[in-house]
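What follows is one structure encoded as structure tokens, with my remarks underneath.
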Amino acid sequence: MNIGRNDLEQAAEQGLLEAEQVEPLYHYLQSQQNPDTRFNLTNTLYYLGGFLAIGALTLFMNLGWEAFGGWGIVAICGLYALGGLALAESMGKRQLELPAALAAVFVVVLTPLAIYGFQQAMGWWDSDLEYRKYHRLIEPLWLWMELGTLAVGGLIFIRYRYPLLVMPLAITLWYLSLDLADWLTGNQAGFRQQAWLTMWFGLGILVLAAAVDWFSEHRFDYAWWLYLAGVIAFWSGLTAQDSDSELSRFGYCCINLLLMWLGIILQRRVFMLFGALGVSIYLGHLAWTVFEDSWLFPIVLTLFGLAVVYLGILWQRNEMRISTALRAVLPLPLRNRLERRGK
């Protein structure tokens, strides 16, 4: 629940707060929010600038960097990393946590490029692969870059403890799982195998996220990025499975309904979003394939959609009572943690 300054001012006008309590209470509530996930213009600008800088050395790399040679790439990455660390330190001391976190993430994403340059300089890179394909191709040669990124990212996370640093680590783990599977199968991993591995890897990340959620006592929500990465990996791997069985497709729908139920229990919207998307995909399959020539199905689906809207109205009116009843099945420590988090 997001509470703004206007909400507090209105509460003061109604006599629920003293006028002099509004400002300190507002700053306290702001300090308790995860600075990475607040949605406002300031954070939008931070993210835009930070990800432009990060993207320049990841997604938007070009062959021009190859002209610097291996040691040249290492030297440039070293200078960039020193600048990023200095910026992270400076922003952190000024309590600008999101810019500091973005600067620290910038240093982490430099790591695979620096390792690539080192391998080139030492003559260990005997492939025609260029670094710009790192984020697009599955290739066992990337393994050392990924392991190095995890090591450097772990050290930087220990130093700064910003939740945003979990993001590049989660993505790198996903890359590592795909490249490791390709290496173990002798470059013979097909799309179906990769989809299965992605699904199980996403499930593993979700278990890790739940563990972080359980044990974390910090005011920051370290599990947020893990839940996001886990749901994306699990759902995409699940959706990529191909089956000619209608029973399997119905099972896919049920799993997505389960994701939505978990979203309610854990109060994580990402489960609701992808679960609803999966259910929509299944209903689309019914409309375009199973009931392709049925005049009755669109009518039934329309009524079903209206029923879902009505359920939304009921949910809005009884959200607290229903959530409390659903969470009653959880262990008491987890239930208390969810209630304290109040998200």
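The packing ranking of peptides 225-238, 67-80, highest mean first, is 225-238, 67-80, where packing means the average number of other beta carbon atoms within 10 angstrom of each residue.
Each residue of segment 160-165 is assigned a 3J(HN,Hα), and the resulting list reads 10, 6, 7, x, 4, 5 Hz, derived from the Karplus form 6.51 cos²θ - 1.76 cosθ + 1.60 (θ = phi - 60°), x at Gly and Pro.
Cβ neighbours within 10 Å, averaged per peptide: list 167-173, 254-260 in order, most packed at the top. Show your work: numbers first, answer last.
Details: 167-173: 21.6, 254-260: 17.4.
Order by mean packing, descending: 167-173, 254-260.
In this label model, Leu306 and Trp200 are separated by 4.7 nm, measuring between points 7 Å along each Cα→Cβ vector.
Every read-out reported here was derived from the displayed coordinates using simple, explicitly stated rules and does not represent laboratory data. Source: prediction; values computed, not measured. All Cβ positions, even for glycine, are placed from backbone atoms using ideal geometry, and neighbour counts span all protein chains on display.
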